[in-house]
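Here the structure is laid out as structure tokens; the discussion comes afterwards.
The values are calculated or read from the model by the stated rules, or taken from the named source; none is laboratory data. Since we're looking at a predicted model, the values are computed, not measured. All Cβ positions, even for glycine, are placed from backbone atoms using ideal geometry, and neighbour counts span all protein chains on display. Calculation scope for accessible area: heavy atoms of the full protein, side chains included, ligands and nucleic acids excluded. Shrake-Rupley method; radii C 1.70, N 1.55, O 1.52, S 1.80 Å.
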Amino acid sequence: MRKPVIAGNWKMYKTPKESLAFLDAFLPLVEGHGRDEILLFPTMSSLAYVIEASLGTNVCAGAQNMHWLNEGPYTGQTSPTMLVSIGARHVLLGHSEQRLYFSETYERVNLKLKAAINHGITPIVCFGEMLAEREDLQTADVLRTQVRTALRNISASEARRLVVAYEPIWAIGTGSTAHPDVAEQAHGIIRQELAHCCGLETAEKTRILYGGSVKPENISSLMAQPDIDGALVGGASLVPTTFANIVKYE
Ligand code: PGA
């Protein structure tokens, strides 16, 4: 009932030329694959090219971030209307690298989330605890607060479009993936909080992806968990064959 999403987050990697070379190799490898929704998140400089090159395929591309306003004196920012104008229909919000290195807050994520929904853009909102918080047994509280802040005043009908990613910060780019049971437990907490904020029906329908050192070797055991509805893949999404193997997990 929840169609899985396998998303590649390219972070600050790949020029437009490299992005198009990736697609040339990747599209034939996943041609006809309809079990999972396949998403790519290139840098802003490559996004329009990737969108154009993937038109009519089973792959969609979105932005790694956006502002919540349509225009204004905000150097370095891209607006929802600008994303829509190039055909982008997805955006990553609240990624931990935005939170850690660029002072992103969940109050701002909330504004961006509302703007995305108003513009018909599907937001993939990231949540996740730091290692110290996990060791301090704070994981559940941290996740609940993050979800509550990001979803403030979002109605059940607005949340219909929402996709969520659980990305424990200690697992991102470290090679140490969360054990499937650990991830499942966190997904359960997030789903409970979604139900609290937007109702049980919305919570049951919302896809919750796992992110943090996903590889071809661990995707199957993660996807076997009932509350894991896909993956947000960083490093392993940069190589066409590796990412295709993740998409085609068994
Ligand atoms: P990783 O990154 O797969 O390289 O750990 C995941 C992410 O940051 O979304």
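Laid out as a table, the results:
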read-out: Among the candidates Ile246, Ile228, Ile208, residue that is within 16 Å of the ligand (Cβ to nearest atom), part of a strand (DSSP E or B) and hydrophobic (A, V, I, L, M, F, W, C); value: Ile208
read-out: Residue in region 234-242 that is surrounded by 20 or more Cβ atoms within 10 Å (Cβ to Cβ), at pLDDT 95 or above, more than 15 Å from the ligand (Cβ to nearest atom) and under 20 Å from Val182 (Cβ atoms) present; value: no
read-out: Helices (runs of 4 or more DSSP H) (entirely within region 91-170) containing at least 1 residues that are under 17 Å from Arg191 (Cβ atoms) and open to solvent by 10 Å² or more (accessible area, probe 1.4 Å); value: 139-150
read-out: Residue count, region 173-204 (criterion: within 16 Å of the ligand (Cβ to nearest atom) and either modelled with pLDDT under 95 or of a type in the set (S, T, N, Q) (or both)); value: 6
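Condition check ((1) open to solvent by 50 Å² or more (accessible area, probe 1.4 Å); (2) within 18 Å of Arg148 (Cα to Cα)) across all residues:
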{"site": "Glu184", "(1), (2)": "no, no"}
{"site": "Glu193", "(1), (2)": "no, yes"}
{"site": "Ile208", "(1), (2)": "no, yes"}
{"site": "Gly211", "(1), (2)": "no, no"}
{"site": "Ile219", "(1), (2)": "no, no"}
{"site": "Ala224", "(1), (2)": "yes, no"}
